[in-house]
Amino acid sequence: MIEVQNLGKKFRERMVLNDVNFQVKEGEIFGYLGPNGAGKTTTMRIILGLLKPTAGKALVWGKNLGENEEFRKKVGVLLEDDGLYPRISAFDNLDYYAQLYGIPNRAQKVANLLQFIGLYDRKNDKVGKFSKGMKRKLALARAIIHDPEVLFLDEPSAGLDPEAQKMVRDLILQLSGEERITIFLNSHDLDEVQRICSKIAILQRGEIKAYDAIDNLRGKFTKPVVEITLPDNREVEKALKLLSSLDYISDCNRYNDGITVTLAEGEMSSTLVSFLVKNGIEVEEIRRVSKSLEDVYLEIVRQQERNA
Amino acid sequence: MRKTLVVARKETRELLSTKSTIFVGLAFVVFFSFLNSLAVIKGKDASSAVSLDSSVFYLSAMIGLFIAYMSTGQVFLREKADRVIETLMCAPVNLRQIWLGKILGVTVAAYSLSLITALVIVVLSSILSSSLLLPTTAILVHVLLVVPALIAAFTGLLGFVQFRLGMRESRILNFVIFAPLFAGLYGAGYVMGGSFAVSWIQVGLLFGASVILLAVSAYLTRRLSKERIVTTIT
């Protein structure tokens with residue numbers, strides 16, 4: 001559905017995107033991650049036809065959205081800035097886009113959406129008086145007013161309180177699950193991406209550094225970590241001394257009554273346990289720590305920095 | 001055309017609901033109309049009609065242009081500065097429809113005040129001179145046809161330039177335009193002292209110039225890209 005091939009973008013002499021490739025399939029929630037200035041928004045702008053690529057192409061349903069007005073009708077957009085008109089009411093803001101998209105029975109549709117986002121009581125208030133969270137919700141409502149088939153979201157929950165963040169997350173999941181809307185999510189909120197995305201791409205300095213399903217990336221980019229609980233301080237000290245001599249351990253840290261051990265890739269935690277027991281260490285508990293997307297992300301970013 | 005009208009309606013509504021624009025606009029209308037009405041009745045009976053013509057000819061256009069100048073800053077420049085234009089360009093509406101809709105929206109708002117200006121001058125001059133003073137047919141055509149065309153052409157060109165230029169350049173340009181425009185408004189009363197006669201040729205030339213200017217801006221807008229607008233925001 002969304003196809004980005006060998007995409008490159010140069011602003012004057014500065015390369016902002018370099019050979020970016022990915023695909024987003026129908027119904028997928030795709031997370032596009034990267035630090036500030038990595039090129040996420042530029043990629044989205046190119047896909048939406050706001051910018052022209054210097055190299056490669058970015059197509060939606062095989063079309064360039066910038067040149068195809070008909071296809072833009074099937075796309076919903078929430079950019080980094082809300083794109084709302086502060087001097088007109090919430091109702092008029094939605095009604096304006098409802099008219100541009102040619103929505104039948106638009107007054108009802110606008111009223112329903114305002115009710116859905118909890119702003120119906122404020123429908124006649126000028127948007128300039130709204131809080132950041134209210135504006136974001138309204139902008140999200142505007143993005144879905146025409147029942148799009150693809151939704152582009154740039155930091156949708158930025159500046160929202162936890163309750164509103166949850167509402168946005170639930171809405172995205174609902175749109176993807178019930179309406180089968182494909183979602184392209186630009187974000188650096190790793191927790192949000194982890195909760196809702198099925199596939200991600202990590203962009204750094206204009207280049208894709210990782211592109212896969214989150215679970216696959218967890219396995220690919222992080223070393224196994226185990227937490228070992230020991231009966232007392234003395235055992236902890238003893239274990240630390242023993243473990244420092246092992247070459248299949250990448251890292252070893254103390255925490256309360258235990259230690260966290262990062263194993264080298266491919267190493268099994270059972271090998272470690274047998275080693276400790278054989279050396280007279282009394283192991284109370286051992287558990288494998290599941291890696292978060294944050295760990296994956298940091299690992300990739302650090303790896304790239306080391307390579308650079 | 002439907003989408004152009006949607007944009008135009010929204011712009012007009014937004015401008016007319018902005019209290020500062022309406023307040024400043026009406027204050028200018030009342031102040032300058034009153035000054036010019038005084039200038040009109042200063043002339044003797046025979047020359048009053050000529051003064052009324054030149055007064056309506058000049059002031060209706062100047063007020064329209066001044067309000068258009070103020071509104072263009074809101075409709076084109078602020079929308080660009082706030083990045084609202086980016087979201088709009090993602091909707092199924094092309095750049096020319098957006099540009100034309102904005103011109104129409106500004107023209108309706110600014111022209112309404114031009115019309116009020118012309119009416120106020122005629123009514124005030126008649127009251128102050130205790131006789132019914134009416135403008136000539138050429139002036140009526142000027143007010144009904146030329147003034148809206150002039151406002152549209154001015155808005156179109158200024159809007160195009162604000163879309164095309166960077167934010168800093170646009171602000172400098174706005175400042176450069178403001179000085180002669182404001183001086184022109186104050187100069188209206190001075191010009192009236194000379195009481196020049198308005199001919200059909202003047203009206204025709206001004207109309208022709210407005211149409212050409214509008215056509216040139218339309219041509220230039222056709223060549224304007226979304227990328228240019230997006231990359232000149234910051």
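Assorted remarks:
- Residues (within 12 Å of chain B (Cβ to nearest Cβ), in a helix (DSSP H, G or I) and either in contact with a strand residue (DSSP E or B) (Cβ under 8 Å, 6 or more places away or on another chain) or open to solvent by 50 Å² or more (accessible area, probe 1.4 Å) (or both)) located in the range A:115-128: A:VAL127
- Against the numbered list (1) of a type outside the set (Phe, Trp, Tyr); (2) touching a residue at least 24 places away in the same chain (Cβ under 8 Å); (3) farther than 22 Å from A:VAL4 by Cα, A:VAL236 comes up short only at (2).
- When the test is whether a residue is under 21 Å from A:LEU175 (Cα atoms) and within 10 Å of chain B (Cβ to nearest Cβ), A:VAL75 passes it.
- Every condition in (1) surrounded by fewer than 18 Cβ atoms within 10 Å (Cβ to Cβ); (2) assigned to a loop (DSSP other than H, G, I, E, B) holds for A:LYS57 except the one numbered (2).
- Pick from the range B:132-171, criterion in contact (Cβ under 8 Å) with a residue 24 or more places away in the chain and of a type in the set (S, T, N, Q), ranking: most open to solvent (accessible area, probe 1.4 Å): B:THR136
- Considering only residues in the range A:92-109 that are within 14 Å of chain B (Cβ to nearest Cβ) and part of a loop (DSSP other than H, G, I, E, B), the one that is surrounded by the fewest Cβ atoms within 10 Å (Cβ to Cβ) turns out to be A:PRO104.
- Candidates B:LEU181, B:LEU128 - the one that is open to solvent by 50 Å² or more (accessible area, probe 1.4 Å) and either without any contact (Cβ under 8 Å) to a residue 40 or more places away in the chain or assigned to a helix (DSSP H, G or I) (or both): B:LEU128
- Residues of the range A:138-177 that turn out to be more than 17 Å from the chain's Cα centre (by Cα), open to solvent by 50 Å² or more (accessible area, probe 1.4 Å) and within 30 Å of A:TRP61 (Cα to Cα), as a count: 3
- Counting the residues of the range A:186-240 that are over 24 Å from A:LEU48 (Cβ atoms) and among the basic types (Lys, Arg) gives 6.
- Of the candidates A:ASN64, A:ASN112, the single residue that is without any contact (Cβ under 8 Å) to a residue 40 or more places away in the chain and either among the charged types (D, E, K, R) or more than 14 Å from every other protein chain (Cβ to nearest Cβ) (or both) is A:ASN112.
- Some residue of the range B:137-148 being among the polar types (S, T, N, Q) and out of contact with any helix residue (DSSP H, G or I) (no Cβ under 8 Å at 6 or more places or on another chain): yes
The values are calculated or read from the model by the stated rules, or taken from the named source; none is laboratory data. In this text, all values refer to a predicted model and were calculated from it rather than measured experimentally. Neighbour counts are summed over all protein chains in view; Cβ atoms, including those assigned to glycine, are modelled from backbone coordinates with ideal geometry. Keep in mind that these areas ignore ligands, DNA and RNA; they rest on the heavy atoms of the full protein, side chains included. Shrake-Rupley method; radii C 1.70, N 1.55, O 1.52, S 1.80 Å.
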